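The values are calculated or read from the model by the stated rules, or taken from the named source; none is laboratory data. Bear in mind that the values here come from a model prediction, so they are computed numbers and not experimental data. Because the Cβ atoms are built from the backbone with ideal geometry, glycine has one as well, and the counts that use them run over all protein chains shown. Heads up: the accessible areas ignore ligands, DNA and RNA and are worked out on the full protein's heavy atoms, side chains in. Shrake-Rupley method; radii C 1.70, N 1.55, O 1.52, S 1.80 Å.
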Amino acid sequence: AYRPRVLSGIQPTADSFHLGNYLGAVRNWVAMQETHDAYYCVVDLHAITMGHDPIALRNRTRISAAQLLALGLDPERCTLFVQSHVPEHAQLGWVLSCITGFGEAGRMVQFKDKSAKAADTTTVGLFTYPILQAADILLYQADQVPVGEDQRQHLELTRDLAQRFNTRYGPTFRVPSAFILRDTAKITDLQDPTAKMSKSASSPNGIIELLEEPARSAKKIKSAVTDTGREILYDEENKPGVSNLLTIYAALTMRTIDELLEQYDGRGYGDLKKDLAEIVVEFVKPVQERTRAYLEDPGYLDKVLAIGAEKARAVASVTLAEAYQNVGF
Ligand code: ADP
Ligand code: NA
């Protein structure tokens with residue numbers, strides 16, 4: 001049966017993924033291995049747009065790949081690779097940058113946000129990032145790109161560039177559909193439950209890092225900001241902290257919020273936090289063990305990534321050759 005092709009990437013910009021990365025993205029990647037022709041990449045080219053340390057980057061790329069395997073990506077069921085191992089990304093990125101309007105690129109909200117926060121260190125790479133992202137997607141002739149709402153504008157740019165290229169130079173790229181993940185868990189910061197859990201969080205206590213000491217995670221859950229009420233209710237607006245804990249709980253145990261509300265009827269926040277802390281600890285422990293095992297076997301990790309790069313290049317090189325041909329190279 002035909003399986004739609006899907007492409008998704010994650011940046012190696014931290015020493016550990018956080019729970020939001022897993023529940024909002026990677027968990028879906030694992031599920032889509034069964035239903036899609038899935039390409040997943042650690043996007044290291046994107047990770048150098050804001051300044052970086054080379055040794056840390058190399059480590060983080062490997063740690064990211066090891067975590068993805070530990071979380072359930074299976075190299076027999078998907079193509080897992082590192083972006084910089086496939087030179088076609090940068091090659092196609094250049095061609096696409098030459099059909100992107102300067103004003104068009106300047107309208108990208110994420111660039112405006114990030115550059116406003118770091119005006120002194122803003123690079124041209126950060127500006128052209130969405131064009132490289134378009135190349136990532138179009139190289140694989142992806143049918144779908146599962147992204148969060150925050151990536152909608154970048155995906156629209158990708159679709160515009162694909163259509164423009166096809167119109168100008170002849171049919172070359174499949175125009176991917178925006179596949180906005182609606183019912184993905186959106187995890188918020190444990191200390192500031194109105195903000196999303198993010199590696200750029202203001203307090204380290206707001207995020208659960210998958211590779212941190214499990215006791216530390218437990219402590220963070222127990223000291224999560226809730227509210228002055230007593231009742232355990234799901235109400236994102238008035239009880240964002242408790243609602244976030246319920247979301248994490250439901251996602252990690254595959255239970256529904258309603259089942260949890262019934263279970264905790266008449267009980268306090270302390271009970272909920274204590275149980276959730278245990279659930280998180282039980283979840284991360286084996287993930288940490290498996291991650292460590294992959295990192296302790298660099299030969300295996302290298303082999304997985306080399307095979308992944310080879311499989312990715314087999315597709316990417318065909319697309320790039322067509323694009324080069326059609327553009328007049
Ligand atoms: P961060 O926001 O921490 O920098 P990234 O932008 O690298 O994380 O996100 C990698 C993936 O994880 C993306 O697909 C993103 O949608 C998802 N993700 C990140 N934070 C969350 C969150 N708090 N809840 C749900 N999904 C998230
Ligand atoms: Na982000």
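Against the numbered list (1) farther than 16 Å from A312 by Cα; (2) surrounded by 21 or more Cβ atoms within 10 Å (Cβ to Cβ); (3) touching a Leu at 6+ places or on another chain (Cβ under 9 Å), R60 comes up short only at (3).
Among the residues making up region 177-191, those that are assigned to a loop (DSSP other than H, G, I, E, B) and either in contact (Cβ under 8 Å) with a residue 40 or more places away in the chain or within 16 Å of ligand 2 (Cβ to nearest atom) (or both) are L181, T184, A185, K186, I187, D189, L190.
Within region 193-219, the residues that satisfy the criterion of being assigned to a loop (DSSP other than H, G, I, E, B), open to solvent by 30 Å² or more (accessible area, probe 1.4 Å) and away from ligand 2 (no atom under 16 Å from the Cβ) are T194, S203, L211, E213. Applying the condition of being in contact with a helix residue (DSSP H, G or I) (Cβ under 6 Å, 6 or more places away or on another chain) and hydroxyl-bearing (S, T, Y) to region 158-176 and asking which residue is farthest from ligand 2 (Cβ to nearest atom) yields Y169.
Every residue, every condition in (1) farther than 30 Å from S84 by Cβ; (2) open to solvent by less than 50 Å² (accessible area, probe 1.4 Å); (3) among the β-branched types (V, I, T), yes or no:
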residue	(1), (2), (3)
G229	yes, yes, no
I232	yes, yes, yes
L245	yes, yes, no
Y264	yes, yes, no
Y269	yes, yes, no
V284	no, yes, yes
R290	no, no, no
A312	no, yes, no
E322	no, no, no
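Got a sec? Which of V26, V42 is within 16 Å of ligand 2 (Cβ to nearest atom) and under 15 Å from H85 (Cβ atoms)? Unique residue meeting the criteria: V42. Can D160 be described as in contact with a strand residue (DSSP E or B) (Cβ under 8 Å, 6 or more places away or on another chain) and either free of Cβ contacts under 8 Å to residues at least 60 places away in the same chain or of a type outside the set (G, A, S) (or both)? So D160 does not fit the description; no. Among all residues of region 119-133, there is none that is open to solvent by 30 Å² or more (accessible area, probe 1.4 Å), in contact with a Pro (Cβ under 6 Å, 6 or more places away or on another chain) and among the acidic types (D, E). Checked against (1) open to solvent by 50 Å² or more (accessible area, probe 1.4 Å); (2) farther than 30 Å from A321 by Cα; (3) within 15 Å of ligand 1 (Cβ to nearest atom), K222 meets all criteria but (3).
For region 11-50, the set of residues classified as near ligand 1 (Cβ under 9 Å from one of its atoms) and of a type in the set (D, E) is empty. Within the option set L139, L155, being free of Cβ contacts under 8 Å to residues at least 24 places away in the same chain and among the aliphatic types (A, V, I, L, M) holds for one residue only, L155.
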